[in-house]
């Protein structure tokens with residue numbers, strides 16, 4: 001009950017955040033975003049046709065009216081039709097978000113789990129060659145552009161110039177085997193890059209935790225390394241780790257991964273969002289921005305609840 | 001298993017639950033063709049099929065009255081859904097077109113009882129009217145605007161489909177009558193475009209806005225799935241049976257023999273069961289997929305790999321032996337060209353109330369043209385494979401003059417510098433020039449090259465600027481609002497007739513129309529109006545060439561260059577691809593030697 005009350009309270013306090021985010025982004029879309037009119041007109045349009053399109057897109061209505069409509073759409077989760085394809089925005093998101101989730105989740109989960117594992121090893125052997133090796137690898141992962149990693153992995157694992165084990169492009173996923181074939185290389189590329197950032201961050205958190213008195217006490221007590229790391233260090237370092245993971249989720253769910261989707265020919269939400277940004281498809285942008293803001297608020301609530309679960313000293317009041 | 005482990009397993013399997021919801025299509029034993037295109041369509045509604053990409057899908061799921069012969073070059077029209085070529089009245093104002101009976105739309109829930117009904121003349125009338133209904137957001141109505149009698153009045157009266165349009169009637173179930181306000185010799189070409197594809201009103205009503213992603217036509221294929229990366233089309237089993245006559249389609253053993261096309265003679269299109277059209281902007285990814293062997297079967301060569309793949313680029317394109325063994329190739333000039341226009345509405349460089357200044361502006365434009373180095377542009381950005389020609393009549397149309405003076409292409413900075421001096425231009429009084437373009441590495445590099453050339457005629461560096469636009473939409477808006485001083489443009493021909501490029505400089509087509517330069521020359525306009533109603537003839541060609549000279553003499557554009565297209569396809573595919581004029585029409589004639597295993 002306490003938790004439910006807290007969640008409701010927190011959600012209500014999150015509403016100004018949603019309004020702020022949507023207002024600023026809608027302002028940017030309307031006044032600085034691409035003008036969709038000029039994507040939709042024919043080669044030899046007349047001024048009258050331009051005005052007809054502007055009217056249909058609602059560009060000739062006051063900003064306040066349009067913004068209030070946006071809030072109504074967000075409240076009902078009905079964002080109308082894409083200005084580009086004419087398809088219902090909800091249908092587009094229903095079709096693309098699961099694909100992006102299925103694509104990104106393995107890399108996201110493994111990238112974090114492996115990052116934590118490597119960070120534990122690096123922190124435990126701090127200053128040792130193993131630490132330097134892991135940190136060196138992390139710097140490499142962070143330094144190479146994601147685009148280069150994608151192209152290199154595609155050539156190495158998928159193309160005829162390399163091993164050719166996996167498909168270069170596509171998403172013909174109908175069973176588990178298909179799924180593995182299509183998701184492996186994008187996942188490897190995601191992990192390669194994510195590991196660098198994750199390992200460095202988690203190592204810093206864990207190193208800080210390892211310097212605490214209770215860890216020194218446990219060491220002095222002769223606690224085995226595994227128990228020391230997992231029970232005394234990792235458990236107490238969970239708050240920043242949870243924060244990092246939780247705050248990545250809205251981006252993973254809604255934004256997807258544009259580069260991965262483009263280069264591997266995967267029809268996810270990242271590509272749809274990118275196309276909407278570059279062409280000024282406002283119904284899709286409004287949906288993506290609005291849903292991301294709502295998800296952030298939900299994540300904030302869940303984040304606090306998780307804090308409470310891993311650390312009973314945290315109060316939800 | 002503990003509850004905790006069960007939860008963990010659920011979480012790990014979540015992605016699979018999300019994706020493994022249905023069985024895949026069983027394609028074993030089917031012939032599948034997997035072409036790729038360098039971009040994606042957004043809408044599959046014929047009235048919005050303005051791009052090459054949309055047309056590739058639209059002309060395969062819908063029928064048009066006419067089409068282009070598969071192999072014939074120069075391009076030649078042929079009847080498609082029409083029974084024959086139109087009967088045209090003596091004055092060129094009335095067209096009678098009979099359509100084939102017993103052609104049906106595909107079965108779809110849009111129809112009562114889900115059964116596709118017969119395509120009739122009324123459907124064509126309805127499909128054309130949609131272009132003038134503001135609700136349809138047509139991108140193709142400019143082709144017929146002001147040309148069909150009564151259409152503008154119909155639109156003004158509220159676009160009520162129950163009301164007849166005087167110039168567009170279904171005389172009976174299978175006969176269409178089009179009455180024009182003035183002769184329009186290119187009409188039949190426009191009836192071979194995706195824009196004029198025939199749609200059933202039931203589907204438009206049933207799907208509403210989403211009709212754009214639920215095509216219901218009578219073409220050789222029907223759409224199965226469509227998203228941002230792929231369109232899957234499957235054979236329309238009810239498609240009419242029309243055996244292929246290669247002779248009729250323009251087969252030439254010397255040109256097409258090596259591609260194995262002879263074996264499709266007498267067969268009934270479509271020849272493959274399934275079309276998977278992949279939309280791939282990323283050229284390297286496209287190439288990797290193409291060379292993989294079991295993925296896409298048709299692509300172009302990324303410019304980064306031209307030297308790696310080609311043994312020879314000019315005058316004839318040749319593959320290196322390793323690639324020639326694995327792939328078929330064809331090459332040819334694009335059906336269009338790139339050019340750079342001056343905005344004549346800008347008094348700093350174009351028309352000016354002060355006639356003396358206007359004269360000096362003319363000299364300034366000509367001097368800039370002398371600074372322009374087409375050979376260097378071709379070498380730097382088009383791998384020295386583009387074809388440079390003087391003016392706005394590109395080499396792919398019959399009206400092109402191979403013997404025309406090439407003076408307008410001359411790169412002569414000294415002459416440019418002299419011209420500036422003779423007309424009183426000094427570094428101090430020269431206007432600041434602004435070249436517009438979509439923000440990209442290529443356009444920035446092109447600008448830097450342009451600036452380098454201008455320095456050679458004495459133009460101060462700080463007076464040459466680049467105006468970058470974030471998206472094509474933004475750039476197009478600035479062009480349509482006549483805000484850009486020097487405009488980098490490209491034009492893809494809608495039909496193989498020079499009228500299509502000459503209209504780009506016709507005064508009344510000025511911004512926001514297609515005349516981006518806002519050129520408005522009385523003699524040019526008069527000649528355009530005279531020639532636009534003429535059937536192709538020697539007289540018309542001479543008028544077209546005269547118009548080309550006027551544009552060149554006015555120094556209103558620096559033009560032009562047609563880029564070279566290179567198409568590659570796998571050797572197990574029997575095809576002769578063409579991306580623009582024939583476009584997607586060729587898919588129905590493609591055969592694949594081996595079925596899916």
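Specify which of the listed residues (A:73, A:87) is in contact (Cβ under 8 Å) with a residue 60 or more places away in the chain and within 31 Å of the chain's Cα centre (by Cα).
Details: A:87 fails: in contact (Cβ under 8 Å) with a residue 60 or more places away in the chain.
Checking each option against the conditions leaves just A:73.
Residue B:257 meets the conditions (1) in contact (Cβ under 8 Å) with a residue 12 or more places away in the chain; (2) within 27 Å of residue B:70 (Cβ to Cβ) in every case but one. The failed one is (1). Checking the structure you have, find out if any residue of segment B:471-481 is within 14 Å of chain A (Cβ to nearest Cβ) and part of a loop (DSSP other than H, G, I, E, B). Yes, the conditions are met somewhere in segment B:471-481.
Taking the numbered list (1) more than 29 Å from residue A:20 (Cβ to Cβ); (2) more than 18 Å from the chain's Cα centre (by Cα) in turn, residue A:80 passes all entries but (1). In the set A:83, A:60, A:78, which member is within 10 Å of another protein chain (Cβ to nearest Cβ), touching a helix residue (DSSP H, G or I) at 6+ places or on another chain (Cβ under 8 Å) and at pLDDT 90 or above? From the options A:83, A:60, A:78, the qualifying one is A:83.
For residue B:453, are the conditions met, namely being surrounded by fewer than 22 Cβ atoms within 10 Å (Cβ to Cβ) and modelled with pLDDT under 95? Let's see the steps before the verdict.
Working: surrounded by fewer than 22 Cβ atoms within 10 Å (Cβ to Cβ): yes; modelled with pLDDT under 95: no.
Against the criterion (surrounded by fewer than 22 Cβ atoms within 10 Å (Cβ to Cβ) and modelled with pLDDT under 95), residue B:453 does not qualify.
Listed by position, the strands (runs of 3 or more DSSP E) contained in segment B:244-353 that have at least 1 residues being under 25 Å from the mean Cα position of the chain (by Cα) and within 27 Å of residue B:560 (Cα to Cα) are B:327-333, B:336-342.
Restrict the check to segment B:54-74 and report whether at least one residue is within 14 Å of another protein chain (Cβ to nearest Cβ), touching a strand residue (DSSP E or B) at 6+ places or on another chain (Cβ under 6 Å) and within 30 Å of residue B:509 (Cβ to Cβ). Yes, segment B:54-74 contains a residue that is within 14 Å of another protein chain (Cβ to nearest Cβ), touching a strand residue (DSSP E or B) at 6+ places or on another chain (Cβ under 6 Å) and within 30 Å of residue B:509 (Cβ to Cβ). Of the helices (runs of 4 or more DSSP H) that lie entirely inside segment A:220-317, those containing 2 or more residues that are in contact with a helix residue (DSSP H, G or I) (Cβ under 7 Å, 6 or more places away or on another chain), modelled with pLDDT of 85 or more and within 14 Å of chain B (Cβ to nearest Cβ) span A:258-263, A:269-279, A:282-310. Within segment B:361-384, the set of residues being part of a loop (DSSP other than H, G, I, E, B) and out of contact with any strand residue (DSSP E or B) (no Cβ under 9 Å at 6 or more places or on another chain) comprises B:373, B:384.
Could you check segment B:84-101 and list, in sequence order, the residues that are free of Cβ contacts under 8 Å to residues at least 24 places away in the same chain and either surrounded by 20 or more Cβ atoms within 10 Å (Cβ to Cβ) or not in a strand (DSSP E or B) (or both)? Selection gives B:84, B:89, B:90. For segment B:431-451, filtering for residues that are more than 21 Å from residue B:362 (Cα to Cα), without any contact (Cβ under 8 Å) to a residue 40 or more places away in the chain and in a helix (DSSP H, G or I) leaves 4. Annotation: of all residues in segment B:428-440 being surrounded by fewer than 16 Cβ atoms within 10 Å (Cβ to Cβ) and more than 24 Å from the chain's Cα centre (by Cα), the one that is nearest to residue B:383 (Cα to Cα) is B:432. When the helices (runs of 4 or more DSSP H) confined to segment A:102-218 are screened for residues that are within 14 Å of chain B (Cβ to nearest Cβ) and at pLDDT below 90, those reaching at least 2 such residues are found at A:146-153. Scan segment A:17-39 for residues that are under 15 Å from residue A:74 (Cα atoms), modelled with pLDDT under 90 and more than 21 Å from the chain's Cα centre (by Cα) and the total you get is 0.
This table checks each residue for (1) more than 30 Å from residue B:298 (Cα to Cα); (2) part of a loop (DSSP other than H, G, I, E, B).
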residue: B:494; (1), (2): no, yes
residue: B:503; (1), (2): yes, no
residue: B:518; (1), (2): yes, yes
residue: B:524; (1), (2): yes, no
residue: B:530; (1), (2): yes, no
residue: B:535; (1), (2): yes, yes
residue: B:551; (1), (2): yes, no
residue: B:565; (1), (2): no, no
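Considering (1) surrounded by fewer than 19 Cβ atoms within 10 Å (Cβ to Cβ); (2) more than 8 Å from chain B (Cβ to nearest Cβ); (3) in contact (Cβ under 8 Å) with a residue 60 or more places away in the chain; (4) within 25 Å of the chain's Cα centre (by Cα), the lone condition that residue A:13 does not fulfil carries the number (3).
Residue-wise test of (1) crowded, with 16+ Cβ neighbours inside 10 Å; (2) away from chain A (no Cβ under 14 Å); (3) touching a helix residue (DSSP H, G or I) at 6+ places or on another chain (Cβ under 8 Å).
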| position | (1), (2), (3) |
| --- | --- |
| B:143 | yes, no, yes |
| B:154 | yes, yes, yes |
| B:157 | no, yes, no |
| B:177 | yes, yes, no |
| B:195 | yes, no, yes |
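Just one residue in the set A:52, A:69 is part of a helix (DSSP H, G or I), more than 8 Å from every other protein chain (Cβ to nearest Cβ) and over 30 Å from residue A:190 (Cα atoms); that residue is A:69.
The values are calculated or read from the model by the stated rules, or taken from the named source; none is laboratory data. Since this is a predicted model, take the numbers as computed values, not measurements. Note: ideal-geometry Cβ built from the backbone for every residue, glycine included; neighbour counts use all protein chains shown.
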